[in-house]
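Take a look at the structure below.
Values quoted throughout were computed directly from the atomic coordinates according to the rules given, and no laboratory measurement underlies them. Computed from a predicted structure; not experimentally measured. Glycine also receives a Cβ, built like all others from the backbone with ideal geometry; neighbour counts cover every protein chain displayed.
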Amino acid sequence: MKRKQGRIIMGTAISAAAIAVMIDHTRQRLPEGKNQVATQAAVIIIDEGEELPAATTGCEESAPKGRRQAPCSL
Amino acid sequence: MNQVAEQRQADLFPALMASAAILVISLFLRGELAGRQYLLFIVGVGLGITLLHAAFGFSGGWRRFIRDRDSAGVRAQILLLAITSILFFPLIGELFPAIQAGAALAPVGTAVMVGAFLFGIGMQLGGGCGSGTLYTAGQGQVDMLITLVFFVVGATLGTAHLHWWLSLPGYDSISLIENLGWWQGLLMQLVVLSLLYLLVRRMEAGRKGSVHAIDWRVGSTGFTERLVHGPWPLWWGVLGLAILSLATLLLAGYPWSITYAFGLWGAKIWGALGGEPASWSYWSSGYPNLSLNSSVLLDTTSVMDFGVILGALLAAALAGKFAPASRLGGKRLLTAVTGGLLLGYGARLGFGCNIGAMLGGIASGSLHGWLWMVAGFCGGIAGVRMRIWLGIDRPLR
């Protein structure tokens, strides 16, 4: 594959990805208020049986008690 | 000399485009979203630049050791693990209570063992690990772009099956820091890493009679010139990755990870195509459910991955290495597809890749990181054999 073809493919892929991110960002509702940004820290750092460390993220209602139930974020 | 001079011919158009994209995204994240997303994006850019300029790859390092007993890459990885552990253990062990730093803990079980083994095979077939696939795709290697696409497909499939894998035998997460104390755990870990370092060094010396040094010198090229245009000595890569991993831990509150985002992207695409990933066990609750129903820009791992890709693109353009010419035959297509699927599926089962599970897990004292490393390396040996069987590499002597 020639360099020029590679550039065209890369340019197309990055443009498509950028459009997809923009569509996703505009489709999804942002949390109200700047301080309610969801952070993974709220869920990732939990051990079996421990409560969620952050109570302001909106995760606490549905989040599992341990990674085994909903392994995530790694 | 000619080669070095040629590499320093910056590719201006992609360099400008990458710089503009990094600037626009940083400003957008800062303006649109609260918190540290834009800083983590910039850390991701730094990681992409470091990985590309230092050519820091895990799969290549493992392959060179398995095939030729060239242990420089493996020793660099061990040094990275040791330095990162020294930085992480006191923070996670709450030596500084004001700093919130969590460990990358995960169960130690069949899922991790099988996942890491599959990932190890995928690394050799696909041509890169988690970080390697991202930065080489950012560099404009079209075959690695294909690997990345199927990495995403595999990770999404993994999220569909993970609940079954987790029903297989295993233990809950085991933390060295919680069980031994941070400095005792660190001491034990450093002893094990030192022994590993000496072992691989000895194996290389036994085979080749000498040991390939880990390069740290700037050489005849000036420091600034080398910093901007590369290539970096491997030691710079080790230090850069360790410092940026620490920055991630401090900013995000947990270690650097990559592959969670791939499953998320796949699930979002599947949802956009009419699928219902939210009905899968994995995406039905907790953080996965929250991230599935939020903007991808709110997901820290995704934002950092975007940064890694753009950072690698910028570095490749500055080094004159963007979109290198390549041959993309049927065999390479097959290995890119198969490797990508194995990488994605394995990463989901293994609670991460060589970064999230191995580097993040080991550096934060999680036993699953060690299990991942052993199983992943065994998968790497199988992958190297498969490459020979497929005629990609010459047979072992």
Exactly one of B:Phe351, B:Phe306 is on the phi > 0 side of the Ramachandran plot and either more than 7 Å from chain A (Cβ to nearest Cβ) or touching a residue at least 24 places away in the same chain (Cβ under 8 Å) (or both), and that one is B:Phe351
Filtering region B:282-303 down to residues that are in contact with a Phe, Trp or Tyr (Cβ under 9 Å, 6 or more places away or on another chain) and more than 8 Å from chain A (Cβ to nearest Cβ) yields B:Leu292, B:Ser302, B:Val303
Q. Quick one: is B:Phe56 in contact (Cβ under 8 Å) with a residue 40 or more places away in the chain, in a helix (DSSP H, G or I), of a type in the set (Phe, Trp, Tyr) and out of contact with any Phe, Trp or Tyr (no Cβ under 7 Å at 6 or more places or on another chain)?
A. no
Residues in region A:1-23 that are farther than 20 Å from B:Val296 by Cβ, within 7 Å of chain B (Cβ to nearest Cβ) and not basic (Lys, Arg) total 4
Considering every residue within region B:145-163, establish whether at least one is assigned to a loop (DSSP other than H, G, I, E, B) and not hydrophobic (A, V, I, L, M, F, W, C). no
Counting only residues that are assigned to a helix (DSSP H, G or I) and within 24 Å of B:Thr110 (Cα to Cα), region B:170-184 contains a total of 4
Across (1) outside any helix (DSSP H, G or I); (2) small (Gly, Ala, Ser); (3) more than 13 Å from chain A (Cβ to nearest Cβ), B:Ser167 clears everything bar (3)
Note: among B:Ser284, B:Ser257, just one is outside any helix (DSSP H, G or I) and either more than 15 Å from the chain's Cα centre (by Cα) or free of Cβ contacts under 8 Å to residues at least 40 places away in the same chain (or both), namely B:Ser284
Is region B:108-122 home to any residue that is out of contact with any Ser or Thr (no Cβ under 6 Å at 6 or more places or on another chain), within 18 Å of B:Leu244 (Cβ to Cβ) and in contact (Cβ under 8 Å) with a residue 40 or more places away in the chain? no
Looking across region B:25-75 at residues that are among the basic types (Lys, Arg) and within 14 Å of another protein chain (Cβ to nearest Cβ), the single one that is farthest from B:Arg394 (Cα to Cα) is B:Arg30
If I filter region B:329-341 for residues that are of a type in the set (A, V, I, L, M, F, W, C), touching a residue at least 24 places away in the same chain (Cβ under 8 Å) and closer than 30 Å to B:Ala10 by Cα, do I get at least one hit?
yes
Scanning region B:358-385 residue by residue, those free of Cβ contacts under 8 Å to residues at least 12 places away in the same chain and either more than 19 Å from the chain's Cα centre (by Cα) or crowded, with 24+ Cβ neighbours inside 10 Å (or both) turn out to be B:Arg385
Residue set B:Ile355, B:Ile388, B:Ile392; condition surrounded by fewer than 24 Cβ atoms within 10 Å (Cβ to Cβ) and in a helix (DSSP H, G or I); output residue B:Ile388
_Condition met for B:Leu313 (assigned to a helix (DSSP H, G or I), in contact (Cβ under 8 Å) with a residue 24 or more places away in the chain and buried (at least 19 other Cβ atoms within 10 Å of the Cβ))_ = yes
Scanning region B:270-281 residue by residue, those without any contact (Cβ under 8 Å) to a residue 12 or more places away in the chain and touching a Gly at 6+ places or on another chain (Cβ under 9 Å) turn out to be none
